[in-house]
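The values are calculated or read from the model by the stated rules, or taken from the named source; none is laboratory data. Being a predicted model, the structure only gives us computed values, none of them experimental. Don't worry about glycine lacking a Cβ; one is built from the backbone with ideal geometry, like all the others, and counts go over all protein chains shown. For accessibility, only protein heavy atoms count, side chains too; no ligands or nucleic acids. Shrake-Rupley method; radii C 1.70, N 1.55, O 1.52, S 1.80 Å.
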Amino acid sequence: SVLDIGCGAGTKLAEIIYPVCNDITGIDAPYSIKKCQQRYSFGQWLIEDIESPELELNRNFDLIISSDVIEHLVDPDRLLSCIKKFANKNTFIIISTPERDVVRGKNHFGPAANVCHVREWNMNELRRYLESRSFRIIEHFLTECKKGSSEKSCQVIFCKVK
């Protein structure tokens, strides 16, 4: 079972997850969820304000994904609380966000070039932040943020809740 918090247009779920799993739930803003409902016959597509999550699903998931969401939030603790709400000790969690030092240069603390980004982290900051919120890091690495790019500018954290 997979939960994608901030699923956007659902492309990664359709292309990567659906071929191997049909228990898929995506949550996002109304305009994104409407697109997912129109495009895909699979999945459960739910509207949720990630800044103020209130969704009750009464279940846990095997995998929770939050790809390029955390940098947009005023209070990222709310996202992490939402993740914990739907996770158990066996749930795998994937969180990705641009790596500030690679994208903007070392010691660049803002403002972000993308006006939609509230906060950007370098790898050490994000690792420490997640660990301070009771996440156990399994793997932390850089990859391409944009398909076809050779620059490894996106950090991915593979983790579990403690």
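Some observations on this one:
- Rounded accessible area per residue of the chain, 1.4 Å, Å²: 54
- With every protein chain in place, the range 1-48: carbon and sulfur % of accessible area (1.4 Å): 51
- Net charge of neighbours whose Cβ lies under 14 Å from the Cβ of Ile65, counting Lys and Arg as +1 and Asp and Glu as -1: -4
- Percentage relative contact order, the range 1-134, counting C-alpha pairs under 8 Å, at least six apart: 21
- The range 4-86: GluC sites (Glu not before Pro) falling in loop per DSSP and having at most 11 other Cβ within 10 Å: Glu54, Glu56
- Each Lys and Arg contributes +1 and each Asp and Glu -1, all at the Cβ; summed about the Cα centre of the range 37-136, the dipole is approximately 360 debye.
- Among the cysteines of the chain, those with no neighbouring cysteine Cβ under 4.7 Å are Cys7, Cys21, Cys36, Cys82, Cys116, Cys159.
- Nearest 10 degrees, 0 to 90: helix 123-132 Cα axis against the chain principal axis: 60
- Over 23 Å (Cα to Cα) - which of Lys84/Lys106; Lys106/Lys162; Lys85/Lys160; Lys12/Lys35; Lys35/Lys162; Lys12/Lys106 fall in this group: Lys84/Lys106; Lys106/Lys162; Lys35/Lys162; Lys12/Lys106
- Of all DSSP-defined beta bridges confined to the chain, some 45% are antiparallel rather than parallel.
- Over the range 57-162, Cα pairs under 8 Å with separation of 6+ residues give a relative contact order of 30 percent.
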